[in-house]
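Before any comments, here is the structure.
The values are calculated or read from the model by the stated rules, or taken from the named source; none is laboratory data. Computed from a predicted model, the values in this text were never measured in an experiment. Glycine gets a Cβ as well: all are built from the backbone with ideal geometry, and neighbour counts include every protein chain shown. All accessible areas refer to the heavy atoms of the entire protein, side chains included, with ligands and DNA or RNA removed. Shrake-Rupley method; radii C 1.70, N 1.55, O 1.52, S 1.80 Å.
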Amino acid sequence: GATLDPGFFAKNVTRDAFTAGVYSKYGFVPVLDTLKGVADIIGKKQIYYDYMASGISKSTLTGIDRPSLAKTIQGLGKPELWNNYNPIQLLRNMTDFFESATRIREFEKAKKAGADLTGQIREGQEVTLNFAQRGAKGLTPNALIAFFNAQVQGVNKMIEAHKTDPIGTASKAALYLTAPSVGLWLLNHDDIRYQELPAYQRDLFWIVPTGEKLTKERFDALLKSGKSKQQIMNEAGVLIRIPKPFELGIVYGSLPERLLDYAVS
């Protein structure tokens, strides 16, 4: 049921984009390439039909939940997002649609780079997590523990990527995860609104502030003017939360932020 929450696929597409940026072998650019993947699917370009025929769509989080062969054949004519008006299926298709946007773009990049068909399929499946992959005993715990397979694969993939290409993986992670994390920390660390956030939000999200920074000096001045703390916080600009990738985001994003917190404390 968690994957049917519209908030889930809105967050998931962002996490997938930055994860793909780190793990891609063909230069996937977060957000930009995701949007190009969306255009490929909606425009029903040839790459969409090739993607569907390749079976990569069965590696998505919801892909393995559906009847396989018949559903794929029926969906080749148009993006599956529009194929079913059942509300539950539509929500499932939305999750699948945005996850497929990342995979189809990496599949396309591999194809243009001259990779053979096996390589194209492998990169499309593994640019984020291949949810069709599991251990021999993986079915039972995955049915009982939410996202068990994703948690195991996420840690394993991060370790394998660093073993296979330590410099390339670390460089891309520094560019796409550490740089924005440090930049936003410099912008936020002395903002009362940021300091008041629960620790889990600062660890799992990039916090983008709007409005004027609420420094301690400004906050104290507003308190002295007669405004309550709650009134001050309500009148301050909102904080936009952008999800970080889970494992990579903690290691390359949140850990540097917490080290900086320690350095200035």
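Around PHE205, which amide H atoms from residues at least 5 apart in sequence, or from another chain, sit under 5 Å from its own amide H, with H modelled in the peptide plane?
The list, which skips near neighbours in sequence, is LYS244.
Would you mind estimating how fast the range 98-217 diffuses translationally, via Stokes-Einstein at 20 °C and 1.002 mPa s with the Kirkwood radius over Cα pairs, in µm²/s?
121
What span do the alpha-carbon atoms of the range 15-64 cover on each of the three principal axes, reported in whole Å from largest to smallest?
26, 25, 18
What FRET efficiency, computed as 1/(1 + (r/R0)^6) with R0 = 41 Å and r the Cβ-Cβ distance, is obtained for PHE147 and GLU212, rounded to the nearest 0.05?
Values: r = 39 Å, r/R0 = 0.95.
Computed FRET efficiency for PHE147 and GLU212: 0.60.
Over the range 116-265, with every protein chain in place, what whole percent of the accessible area is carbon and sulfur at 1.4 Å, could you tell me?
Values: 5470 of 8590 Å².
Reported share for carbon and sulfur atoms: 64 percent.
When we measure straight from the Cα of LYS45, which lysines land under 17 angstrom away, once same-chain ones fewer than 8 places off are left out?
By straight Cα distance, LYS45 reaches LYS36, LYS78, LYS109, LYS111, LYS112.
If we sort 46-54, 211-219 on the protection proxy, mean other Cβ atoms within 10 Å, highest first, what's the order?
Numbers: 46-54: 17.3, 211-219: 13.9.
Top to bottom by mean Cβ count within 10 Å: 46-54, 211-219.
LYS163: which aspartates and glutamates have alpha carbons under 17 Å from its alpha carbon, excluding same-chain residues fewer than 8 sequence positions away?
GLU126, GLU247
Kindly rank 98-110, 119-131 from highest to lowest mean number of other beta carbons found within 10 Å of each residue. Let's see the in-between values first.
Details: 98-110: 25.5, 119-131: 22.5.
The packing order, highest mean first, is 98-110, 119-131.
Which pairs in the list LYS11/LYS172; LYS25/LYS213; LYS25/LYS58 are over 28 Å apart, alpha-carbon to alpha-carbon? Present the calculation step by step, with values, prior to reporting the outcome.
On the way: LYS11/LYS172 21 Å; LYS25/LYS213 39 Å; LYS25/LYS58 21 Å.
Result: LYS25/LYS213 exceed 28 Å.
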